[in-house]
Amino acid sequence: MGINLQKGQRVALTKGNTGLNKLVVGLGWDTNTYDGGEAFDLDAAAFLLGENGTVVKDTDFVFYNNLRHESGAVEHYGDNLTGEGEGDDERIKVELSRVPAAYQKIAFTVTIHDAGVRKQNFGQVHNAFIRIVNEVDGQELLRFDLGEDFSVETAVIFAEFYRHAGEWKFSAVGSGFQGGLETLCQHYGLQV
């Protein structure tokens, strides 16, 4: 069992873990039953970010319509339209050694598809988590459970990998946005 983190905590990924390279980022959630009548469709994504905290180019956004970064460093396993069942609802693979030097961070996010139309938000989502697994041996290294802090947000930055002093670190972010995917993309410098 890995380390359980709280919002705002940071921990080393590669320092002291010689050879740690291939990771699986598992993101999961459950949705509350409510009388809105619409099914939930949550979508995980990764943004590869340069020194200034924004994407270098549009293809640095890895999601259900762009499953693999051109470097091969980040790959989305595909969209889960229902989120049903136990465990990870969506997964993203990261190979740290393949992340080009131009990228200083990788942000892992989840948005609610068509949240405005469906009148949905993260206040109706519970048991949300992100966990980091060593792909080589299947061991869970880190886990961050988001808690129930959101009421009107439709997009959440769950966590980030970031470079520091030649090593990779993990930050449990847990920061929400109103405006869904569009607002999140604008935050990272994408024009939508």
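The values are calculated or read from the model by the stated rules, or taken from the named source; none is laboratory data. Because the structure is a prediction, the values reported are computed rather than measured. Positions of Cβ are backbone-derived with ideal geometry, glycine not excepted, and every protein chain shown enters the neighbour counts. For accessibility, only protein heavy atoms count, side chains too; no ligands or nucleic acids. Shrake-Rupley method; radii C 1.70, N 1.55, O 1.52, S 1.80 Å.
Here are a few things to note about the model shown:
- Those residues of segment 3-33 which are β-branched (Val, Ile, Thr) and either within 16 Å of the chain's Cα centre (by Cα) or in a strand (DSSP E or B) (or both), in sequence order: Ile3, Val11, Val24, Val25, Thr31
- Cβ-Cβ contacts under 8 Å between residues 6 or more apart (or on different chains), taken from a first residue in segment 57-73 that is closer than 13 Å to Asp43 by Cα to a second residue that is exposed (fewer than 15 other Cβ atoms within 10 Å of the Cβ), are listed as Val62/Arg68; Tyr64/Gly78; Asn66/Thr59; Leu67/Gly78.
- Looking across segment 159-183, the residues that are open to solvent by 60 Å² or more (accessible area, probe 1.4 Å) and either among the small types (Gly, Ala, Ser) or closer than 13 Å to Phe122 by Cα (or both) come down to Ala165, Gly166, Gln178.
- Restricting the search to strands (runs of 3 or more DSSP E) fully inside segment 80-156 and requiring at least 3 residues that are open to solvent by less than 10 Å² (accessible area, probe 1.4 Å) gives 90-95, 105-112, 125-134.
- Residue match in segment 185-192 (condition: of a type in the set (A, V, I, L, M), open to solvent by less than 40 Å² (accessible area, probe 1.4 Å), touching a residue at least 60 places away in the same chain (Cβ under 8 Å) and part of a loop (DSSP other than H, G, I, E, B)): yes
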